[in-house]
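This is the structure I have questions about; it appears just below.
Bear in mind these aren't lab numbers, they're just calculated from the coordinates by the rules spelled out. On a predicted model such as this, the values are computed, not experimentally measured, just so you know. All Cβ positions, glycine included, derive from the backbone under ideal geometry; neighbour counts span all protein chains shown.
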Amino acid sequence: MSRSIAGRAGAALPALLTGIALAFLAIPLVALFTEVPLGDVPSLLRDPFVRDALTVTARTNAVANVLIVGFGTPAAYVLATRRFPGRALVVTLVELPLVLPPAVAGIGLLAAFGVGGLLGGPLDDAGIVLPFSEWAVVLAVTFVASPFYLRQAIAAFEGIDPSLTAAARTLGAGPARTLLRVSLPLAAGGLLAGWVLAFARGIGEFGATIVFAGNVRGETQTLTLGIYEQLDADFDQALAIGILLVVLSGAVLLSYKLISAWRSSSSTSLSLFARTSSQST
Amino acid sequence: MGPSGAGKSTVLQAIAGLRRPDRGRIAVDERAWFDAAGGIDLAPESRSVGLVFQEYALFPHMSVRANVAFGGPQRADELLERFGIAHLADVRPSAISGGERQRVALARALARGPEVLLLDEPLSALDAHTRGVVRGELEDLLAELEQPALLVTHDMRDATALADRIGVIADGRLRQVGTLPELLDRPADAFVARLTGANVIPAGAVVGGPSGDGQVAVVAHPWELTLATAQPACAAVPGVVHGIVPDGDRARVRVGDVVVQAQAEEVERLGLERGASAWAVLAPGPPRLVAN
């Protein structure tokens with residue numbers, strides 16, 4: 001008798017814990033949509049305050065993403081295909097911003113590029129003041145988001161069967177043509193998935209931005225910083241911005257899942273060729 | 001030709017420029033592609049090789065035609081026709097069979113008009129039936145090819161069917177280079193002899209044979225031996241019959257460690273069966289000797 005009661009309680013416990021966890025995750029999202037009348041949201045978002053924040057976010061993230069992909073792709077290719085002493089250290093360094101607290105990233109950027117910082121002198125001589133400028137936002141976003149792209153990009157390039165690039169070389173393609181016609185197309189899915197994650201991280205950046213770039217409306221105030229400012233002044237507007245970002249995040253997550261599903265469906269046919277040749281004859 | 005790990009693929013990769021040897025020289029006619037002493041090391045794309053990889057390494061994101069055209073757009077259509085794969089031109093490599101992929105790999109390697117054709121175990125990724133078919137096709141192709149071709153395999157049948165000369169490699173060393181008759185008749189060492197399927201019999205095990213310590217062995221091919229139930233006058237090896245494997249009108253009889261290929265009716269006439277005592281009789285004449 002007592003055994004079956006204990007048994008039933010034991011079976012119910014994991015379900016209960018799961019329920020609590022899901023509720024905890026769901027309640028804030030639900031609250032976002034219920035605490036402000038949904039009909040008001042479009043007009044709240046048309047407010048010039050929100051438009052300024054949106055413009056800053058769009059501009060800074062566009063530049064940041066170009067930098068991330070532009071510098072990150074060749075860097076990932078080099079790290080994936082070359083073996084050199086200290087490589088493990090370099091890869092760890094590249095991944096560091098992933099675990100670094102964003103505020104610490106901000107302080108670091110300030111210490112490096114601020115007026116009294118490491119590179120402050122040379123920058124000052126060139127007439128460039130970075131802190132609290134729009135470029136500071138770009139740098140902050142690039143710093144925190146690039147590891148997301150780099151990690152996926154490195155994995156994507158590493159996943160290419162080396163015999164494919166070797167075949168391209170024996171067929172007369174130099175390193176550049178091999179990269180363009182073989183490596184990039186094969187890595188494209190992984191690069192895209194990585195970029196989607198980096199994009200999401202960049203849009204959501206707060207800590208490094210507010211420390212390094214400050215919260216100047218129209219210049220450095222991104223959507224997330226805008227939420228922070230409107231907490232006291234206009235809570236409904238903060239909620240509206242929150243809803244916008246939730247929808248955006250949802251779209252990002254959906255794209256990532258779709259890309260991953262497409263990659264794994266096409267890679268079952270690629271898997272025959274994606275084996276690294278380990279046999280030595 | 002040689003066993004796995006012998007270094008065969010490494011040789012092809014070195015010729016293609018994918019691996020850099022420590023010493024030596026690789027040249028076609030008088031043009032050096034690699035010369036350690038002279039500091040020459042041409043990049044793979046600057047050499048003129050057509051390399052067919054063991055698992056073909058076809059570009060999965062390109063069609064068959066695009067694969068073949070990668071090395072040489074001008075000859076792509078002609079080669080697709082010649083290899084009988086023109087009907088697959090717009091298909092992806094993942095959708096075609098192993099034998100078809102092999103032909104695409106060959107066509108692609110030849111599209112560039114290379115000076116040297118390199119084939120890395122071209123038949124090992126195929127099933128037994130396809131292997132026989134493709135071996136025949138390769139035989140025709142190699143016969144009409146003007147360029148030198150270097151083929152790597154661990155299968156003696158490939159070597160005998162396709163090669164003018166065979167180089168035996170083991171443990172990274174070239175043991176012997178020669179035609180098949182040379183390898184069969186004058187193997188350089190016990191390893192080569194075994195590779196060609198010959199028996200390597202320690203001299204001490206041969207009754208009435210050459211005297212010598214255990215350092216010498218007699219090389220005898222299964223078809224050079226005959227069977228007897230009683231000790232014959234000439235050199236022979238005694239033993240117990242372990243197995244009789246019929247093979248058409250012949251049979252392979254295992255006497256001790258020695259394999260004899262005899263006519264099936266001869267085996268029957270002698271009344272040999274498993275467990276019986278028998279003699280493997282060497283052919284008359286001076287025996288073939290190698291170091292054991």
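Going toward the positive end of the dipole of chain B, with +1 on Lys and Arg Cβ and -1 on Asp and Glu Cβ, which of B:ALA57, B:ALA276, B:LEU106 do you reach last?
Farthest towards the positive pole: B:ALA57.
For the range A:1-143, what are Rg and Dmax over the alpha carbons, in angstrom?
Here Rg and the maximum Cα pair distance are 24.5, 84 Å.
Here's something else I'd like to know. With Kirkwood's inverse mean 1/r over C-alpha pairs for Rh, give me the Rg to Rh ratio of the range B:201-251, two decimals please. Could you put the intermediate results ahead of the total?
On the way: Rg = 12.6 Å, Rh = 12.6 Å.
Using Cα coordinates only, the ratio equals 1.00.
Okay, moving on. Which order do peptides B:161-167, B:8-14 fall in by mean Cβ count within 10 Å, highest first? The partial results should precede the final answer.
On the way: B:161-167: 16.3, B:8-14: 21.4.
Those peptides, ordered most packed to least, come out B:8-14, B:161-167.
Let me ask something else. Return the long-range amide H neighbours of B:LEU118 (sequence gap of 5 or more, or a different chain), with a cut-off of under 5 Å between placed amide H atoms.
B:GLY50, B:LEU51, B:VAL52, B:LEU150
Another question, then. Just to be sure I understand the rule: take each whole DSSP H helix in chain A, project its Cα atoms onto its long axis, keep it if the span is 20 Å or more and its mean Kyte-Doolittle hydropathy is at least -1.0. Which ones pass?
On the way: long enough: A:2-35 (46 Å, 1.36); A:48-81 (48 Å, 0.91); A:134-158 (35 Å, 1.11); A:184-203 (27 Å, 1.55); A:235-270 (52 Å, 1.14).
Both cut-offs are met by A:2-35, A:48-81, A:134-158, A:184-203, A:235-270.
Could you please report the charge total around A:PRO185, scoring K, R as +1 and D, E as -1 over all other residues with beta-carbon less than 15 angstrom from its beta-carbon?
Details: positive: A:ARG177, A:ARG181, A:ARG263, B:ARG92; negative: A:ASP161.
My count for the surroundings of A:PRO185 gives +3.
Given Cβ point charges of +1 (Lys, Arg) and -1 (Asp, Glu) and nothing else, what value in debye, to the nearest 20, does the dipole of the range A:84-191 about its Cα centre take? Walk me through the intermediate numbers first.
Numbers: 5 positive and 6 negative charges, 101 e Å.
Dipole about the Cα centre, nearest 20: 480 debye.
Oh, and also: Shielding of B:102-110 by partners, i.e. mean partner chain Cβ atoms within 10 Å per residue?
On the way: counts 0, 0, 0, 1, 0, 0, 3, 3, 0.
Partner Cβ neighbours, averaged per residue: 1.
Any idea how far the Cα center of the range B:210-284 sits from the one of the range B:44-105, in Å?
Computed from Cα coordinates, the inter-centre distance equals 49 Å.
Moving to a separate point now. So what does the Cα-only Debye profile of the range B:233-276 read at q = 0.18, 0.22, 0.31 Å⁻¹, as log10 I(q)/I(0), no solvent term?
-0.48, -0.71, -1.18
Take the Cα atoms of the range A:124-188, find their three principal axes, and give me the spread along each one in whole Å, biggest first.
Reported extents, whole Å, longest axis first: 52, 25, 14.
While we're looking at this one, here's another question. Counting only other chains, and only Cβ atoms inside 10 Å, what mean value do you get across the residues of A:157-164?
Working: counts 0, 0, 0, 0, 4, 2, 9, 6.
Shielding by partners across A:157-164 averages 3.
With chain B treated as a Gaussian network of Cα nodes joined by springs under 10 Å, which of B:ALA235, B:ALA262, B:ALA27 yields the largest mean-square fluctuation?
B:ALA27
State the Kirkwood hydrodynamic radius of the protein assembly as shown in Å, one decimal place, computed from all pairs of distinct Cα atoms.
The Cα-based Kirkwood calculation yields 30.4 Å.
Give, in whole angstrom and from largest to smallest, the semi-axes √(5λ) of the equivalent ellipsoid of the range B:1-127, with λ running over the eigenvalues of the Cα gyration tensor.
Numbers: eigenvalues 164, 61, 23 Å².
They are 29, 17, 11 Å, listed from largest to smallest.
Report, in debye and to the nearest 20, how large the dipole of the range B:225-281 comes out about its Cα centre when Lys and Arg carry +1 and Asp and Glu carry -1 on their Cβ. Present the calculation step by step, with values, prior to reporting the outcome.
On the way: 5 positive and 7 negative charges, 29 e Å.
Dipole of the range B:225-281, to the nearest 20 debye: 140 debye.
Compute the acute angle (0 to 90°) between the alpha-carbon long axis of helix B:128-144 and the principal axis of greatest extent of the alpha-carbon atoms of chain B; round to the nearest 10°.
Between helix and principal axis, roughly 70 degrees.
A further question on this structure: Provide, as a two-decimal number, the C-alpha radius of gyration of the range A:90-164 over 2.2 N^0.38 Å, N being how many residues it has. If you can, show how the numbers build up before the last one.
On the way: Rg = 16.0 Å, N = 75, 2.2 N^0.38 = 11.3 Å.
In units of the 2.2 N^0.38 Å rule of thumb, it is 1.41.
Right, next: Using only alpha carbon positions, build the gyration tensor of the range A:1-54, then give the equivalent ellipsoid semi-axes as the square roots of 5 times its eigenvalues, largest first, whole angstrom. Could you put the intermediate results ahead of the total?
Details: eigenvalues 437, 20, 4 Å².
Those come to 47, 10, 5 Å.
Over the Cα atoms of the range B:210-287, what Rg and Dmax result, in angstrom?
Expressed in Å, the Cα Rg and Dmax of the range B:210-287 come to 12.3, 39.
Please name whichever of A:ALA168, B:ALA220, B:ILE15 sits farthest to the positive end of the charge dipole of the protein assembly as shown, dipole taken about the Cα centre and charges placed at Cβ: Lys and Arg +1, Asp and Glu -1.
Checking the options against the dipole of the protein assembly as shown, the answer is B:ALA220.
Where does chain A land on Rg(C-alpha)/(2.2 N^0.38 Å)?
On the way: Rg = 23.7 Å, N = 281, 2.2 N^0.38 = 18.7 Å.
Against the compact-globule rule of thumb, the ratio is 1.27.
Picking from A:ILE227, A:ILE154, A:ILE27, which is most flexible by a Gaussian network model of chain A using Cα springs under 10 Å?
Maximum fluctuation in the GNM of chain A, among the listed residues, is at A:ILE27.
How large is the convex hull of the Cα atoms of the range B:66-145 per residue, expressed in Å³ as a whole number? Display every interim value, and only then the final one.
Numbers: hull volume 7.4 nm³, N = 80.
Convex hull of Cα atoms, per residue: 92 Å³.
Moving on. For the range B:137-192 and the range A:149-202, compute the distance between their C-alpha centroids and round to whole Å.
Cα centres, the range B:137-192 to the range A:149-202: 39 Å.
Here is a follow-up. When B:TYR56, A:TYR228, A:TYR149, A:TYR256 are ordered from fewest to most other Cβ atoms inside 10 Å of their Cβ, what list results?
A:TYR228, A:TYR256, B:TYR56, A:TYR149
Over the range B:109-189, what is the percentage of antiparallel beta bridges among all DSSP beta bridges, to the nearest 5? Could you put the intermediate results ahead of the total?
Values: 5 of 9 bridges.
Approximately 55 percent, going by the DSSP bridge assignments.
Restricted to Cα positions, what overall size does the range B:98-253 have along the principal axes? Three whole-Å values, descending.
Cα extents, longest axis first: 62, 34, 25 Å.
For the range A:1-145, with the dipole built from +1 on Lys and Arg beta-carbon atoms and -1 on Asp and Glu ones, taken about the Cα centre, which of A:LEU100, A:LEU32, A:THR60 lies farthest toward the positive end?
A:LEU100
Please give the net charge around B:ALA27, taking every other residue with its beta carbon less than 13 angstrom from that of B:ALA27, where Lys and Arg add +1 and Asp and Glu add -1.
On the way: positive: B:ARG25, B:ARG31, B:ARG47; negative: B:ASP29, B:GLU30, B:ASP35, B:ASP41, B:GLU115.
Net of charged neighbours comes to -2.
Follow-up. Against the empirical 2.2 N^0.38 Å scaling, what ratio does the C-alpha Rg of the range A:121-233 come to? If you can, show how the numbers build up before the last one.
Numbers: Rg = 20.1 Å, N = 113, 2.2 N^0.38 = 13.3 Å.
Normalised by 2.2 N^0.38 Å, the Cα Rg of the range A:121-233 equals 1.51.
I've got another one for you. Peptide B:51-64: average number of partner chain Cβ atoms within 10 Å per residue? Present the calculation step by step, with values, prior to reporting the outcome.
On the way: counts 6, 2, 7, 4, 7, 4, 11, 5, 9, 12, 9, 3, 0, 0.
Other-chain Cβ atoms within 10 Å of each residue's Cβ, averaged: 6.
Exactly which trypsin sites (Lys or Arg not before Pro) in the range A:35-86 are in a DSSP loop and have at most 13 other Cβ atoms within 10 Å?
Here the sparse-neighbourhood loop sites are A:ARG82, A:ARG83.
I want the local charge near A:THR224. Using Cβ-Cβ distances under 12 Å, sum +1 for each Lys or Arg and -1 for each Asp or Glu among the other residues.
Details: positive: A:ARG201; negative: A:GLU205, A:GLU229.
Residues close to A:THR224 contribute a combined charge of -1.
Please report the projected area of chain B's Cα convex hull averaged over all directions, in nm².
Details: hull surface 75.5 nm².
Mean projected area for chain B: 18.9 nm², to one decimal.
So, one more: How compact and how long is the range A:43-97, expressed as Rg and Dmax of its alpha-carbon atoms in Å?
So, for the range A:43-97, Rg and Dmax equal 18.1, 57 Å respectively.
Could you list A:TRP135, B:TRP279 in order of exposure, starting from the residue whose Cβ has the fewest other Cβ atoms within 10 Å? Walk me through the intermediate numbers first.
Values: A:TRP135 16, B:TRP279 23.
Ascending Cβ contact count within 10 Å gives the list A:TRP135, B:TRP279.
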